[in-house]
Amino acid sequence: DAMCGACHKPYTSTEFDKSVKNTHMELYKSAQLPNVFVKFLEVMDTNPGDMPTVKFSLQGKNGPIHPADMDRLRLVLSGPNDDWDFYADEDVGGAAVPDGTDWLYTFNTPLPADAEGSFTVSMEGRINVDIDDDGEAASVRDYAENPQMAFAVTDVVAKERRMVVDDAKCESCHVNLRLHGSNRHDVTYCSTCHTANLVDIQDVPESVHMKWMIHKIHRGADLENGYVVVRSRGTYDFSNIHYTGDLRNCDACHVNNSQQLPLPDSLLPTITNLAWWTPMEPQAASCLSCHDDDSSAAHAYVNTADFGVEACATCHGEGATYSVDKVHAR
């Protein structure tokens, strides 16, 4: 032990060397990286059927960045914000047009002809950077955050999607959480793709709707039937995941009392091919994603009318005898 400090000093000014601090330094903290930041400024041509034009700035801590210099710069359209079921992504590449110090990009994909309410534009991106890695040249990816901006289609004023969970709460456990090649690291951005109708590629596809997927992953080993997702890159079995907190504490993730019943009427049913029935109404999908036993399914099923209205809030609504807070009391 007495010799470790000869190489592993507490700190030096050379990034990525063998010092304790720099060996464990996250890339995003490096002074050599530009720290890409995109800010949405305006969305134009937003009527139903239009091809929206997005005005944005693209900066790093050392100044402006040209979109063509990005290894990836992908813009995403999602909507309606009541509950997303439309998704379109396009790689900007060199197609952005300068507008002073800002940039304009026009989507090739039109908004739906029947689009209503408000939609959202969001972004993922990265840039390749050559760095000095303890005296050796290396190339690394510097990832941008995932900004979002709501814009009105038929609304008078743009209405943002409701905030269900807070990314800061996710990162209190998953420090600097990054997925899908590290391009996606904001939980609200994840929801633009993981919509109610998204499924995996099994013969009988499993739902990867955000709430269904995240509840099941965190429930993990406590599920009765497990949760397995198949992607082109492999099979992911979450049946051995053990949540280190208390699953009864909905506030560990949720904000704005978003776990309370009833849920908004605008939410879409979830495609649940491997569950008891499909599609599953929004409140049942929220609860049965964790409580995946037959008795809970039967209870939810018999309390859902043939025309799709759920009676859950009668007993489980705020202040009710078996409210969410009471049945999850610790």
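The values are calculated or read from the model by the stated rules, or taken from the named source; none is laboratory data. On a predicted model such as this, the values are computed, not experimentally measured, just so you know. As a convention, Cβ positions derive from the backbone with ideal geometry for all residues, glycine included, and neighbour counts pool all protein chains shown. What goes into the accessible areas is simple: the full protein's heavy atoms, side chains included, and nothing from ligands, DNA or RNA. Shrake-Rupley method; radii C 1.70, N 1.55, O 1.52, S 1.80 Å.
Enter the accessible area of residue 326 (Å², nearest 10), with the probe set to 1.4 Å and all protein chains included.
Using a 1.4 Å probe on the heavy atoms, I get roughly 120 Å².
Would you calculate the volume per residue, in Å³, of the smallest convex hull containing every Cα atom of the range 61-135? Don't skip to the end; give the middle numbers.
Numbers: hull volume 10.2 nm³, N = 75.
With only Cα atoms used, the range 61-135 gives 136 Å³ per residue.
Per DSSP helix of 4 or more residues, -39500 (n - 2.57); summed, then divided by the residues of the chain. What does that give at 222 nm, rounded to the nearest 500?
On the way: 8 runs with 51 residues, N = 330.
Only helices count here, giving -3500 deg cm²/dmol.
Need one value: the accessible area of residue 39 in square angstrom, 1.4 angstrom probe, rounded to the nearest 10.
Result for residue 39: roughly 110 Å² accessible.
Mind giving me the nanometre distance, one decimal, between the label points for residue 162 and residue 202, set 7 Å out from Cα along Cα→Cβ?
Once both label points are built, they end up 2.8 nm from each other.
Sort 113-120, 92-99 by the packing proxy (mean of other Cβ within 10 Å over each peptide's residues), most packed first. All intermediate terms of the calculation are to be shown ahead of the outcome.
Values: 113-120: 17.4, 92-99: 14.6.
My ranking of the peptides, most packed first, is 113-120, 92-99.
I need the per residue convex hull volume for the range 59-190, using only the alpha carbons, in cubic angstrom as a whole number. Provide the component values of the computation, followed by the final result.
On the way: hull volume 18.6 nm³, N = 132.
In the range 59-190, the Cα hull volume divided by residue count equals 141 Å³.
Divide, for the range 186-284, the radius of gyration over alpha carbons by 2.2 N^0.38 Å, where N is the residue count. Can you show the working numbers first?
Details: Rg = 13.7 Å, N = 99, 2.2 N^0.38 = 12.6 Å.
Taking the Cα Rg and dividing by 2.2 N^0.38 Å, one obtains 1.09.
By accessible area of protein heavy atoms, probe 1.4 Å, what ranking do 83, 91, 306 get, highest first? The partial results should precede the final answer.
Values: 83 20, 91 90, 306 165 Å².
Sorted by accessible area, descending: 306, 91, 83.
How many angstrom lie between the C-alpha centres of the range 68-132 and the range 229-256?
29
Over 31 Å between Cα atoms: which of 55/216; 39/169; 21/216 fall into that group?
On the way: 55/216 38 Å; 39/169 23 Å; 21/216 36 Å.
In this structure, 55/216; 21/216 exceed 31 Å between Cα atoms.
Could you work out how far apart the two model spin labels at residue 327 and residue 173 are, taking each label as a point 7 Å from the Cα in the direction of the beta carbon, and quote it in nm?
If labels sit at residue 327 and residue 173, their model points lie 2.1 nm apart.
Can you sort 265, 132, 294 by solvent-accessible area, 1.4 Å probe, largest first?
Working: 265 155, 132 75, 294 110 Å².
From most accessible down to least: 265, 294, 132.
Would you mind working out the magnitude of the charge dipole of the chain relative to its Cα centre, with +1 at each Lys and Arg C-beta and -1 at each Asp and Glu C-beta, to the nearest 20 Debye?
Values: 25 positive and 50 negative charges, 144 e Å.
About 700 debye.
Treating each Cα of the range 141-193 as an identical point scatterer and ignoring solvent, apply the Debye formula and state log10 I(q)/I(0) at q = 0.17, 0.23, 0.26 Å⁻¹.
-0.62, -0.94, -1.08
Send over a whole-number figure in Å² for the accessible area per residue of the range 277-330, probe 1.4 Å. Can you show the working numbers first?
Values: 3100 Å² over 54 residues.
For the range 277-330, the solvent-accessible area averages 57 Å² per residue.
When averaged across all projection directions, what area in nm² does the alpha-carbon convex hull of the range 274-328 cover? Don't skip to the end; give the middle numbers.
Numbers: hull surface 15.2 nm².
Its Cα hull, projected and averaged over all orientations, spans 3.8 nm².
If amide hydrogens are placed 1.01 Å from N in the peptide plane, which non-local residues have theirs closer than 5 Å to the one on residue 199?
Those lying under 5 Å, H to H, from residue 199 are 208.
Quick one: which residues, 5 or more positions from residue 165 or on another chain, have an amide H under 5 Å from its amide H? H modelled 1.01 Å from N in the peptide plane, none for Pro or chain starts.
Here 255 satisfy the definition.
Taking Cα atoms, how many degrees apart are the long axis of helix 210-219 and the longest axis of the chain, rounded to 10 and kept between 0 and 90?
Helix 210-219 and the main axis of the chain meet at about 90 degrees.
Give me the percent of DSSP beta bridges within the range 176-330 that run antiparallel, rounded to the nearest 5. Numbers along the way, then the final one.
Numbers: 8 of 9 bridges.
So the antiparallel bridges amount to about 90 percent of the total.
If one computes P(r) from the Cα atoms of the range 26-67, what percent of pairs lie at distances over 15 Å?
Taking all Cα-Cα pairs of the range 26-67, the fraction more than 15 Å apart is 56 percent.
How large is the accessible surface of residue 266 in square angstrom, using a 1.4 angstrom probe and rounding to the nearest 10?
Its accessible surface works out to 50 Å², give or take rounding.
How large, in percent, is the carbon and sulfur part of the accessible surface of the range 44-168 at a probe radius of 1.4 Å? Let's see the in-between values first.
Numbers: 2700 of 5900 Å².
After summing per-atom areas, the C and S share lands at 46 percent.
Show me the three semi-axes of the equivalent ellipsoid for the chain, from the C-alpha gyration tensor (sqrt of 5 times each eigenvalue), largest first, rounded to whole Å. Mind dumping the intermediate values first?
Details: eigenvalues 291, 174, 58 Å².
They are 38, 30, 17 Å, listed largest first.
Over the range 66-189, with the other protein chains present, what is the accessible area per residue in square angstrom, probe 1.4 angstrom? The partial results should precede the final answer.
Details: 5960 Å² over 124 residues.
I get 48 Å² per residue for this part.
If the chain between residue 141 and residue 66 were fully stretched, how many nm would it gain, using 0.36 nm times the residue separation less the Cα-Cα distance? Working shown, then result.
Numbers: separation 75, 0.36 × 75 = 27.00 nm, distance 1.61 nm.
Value of the extension gain: 25.4 nm.
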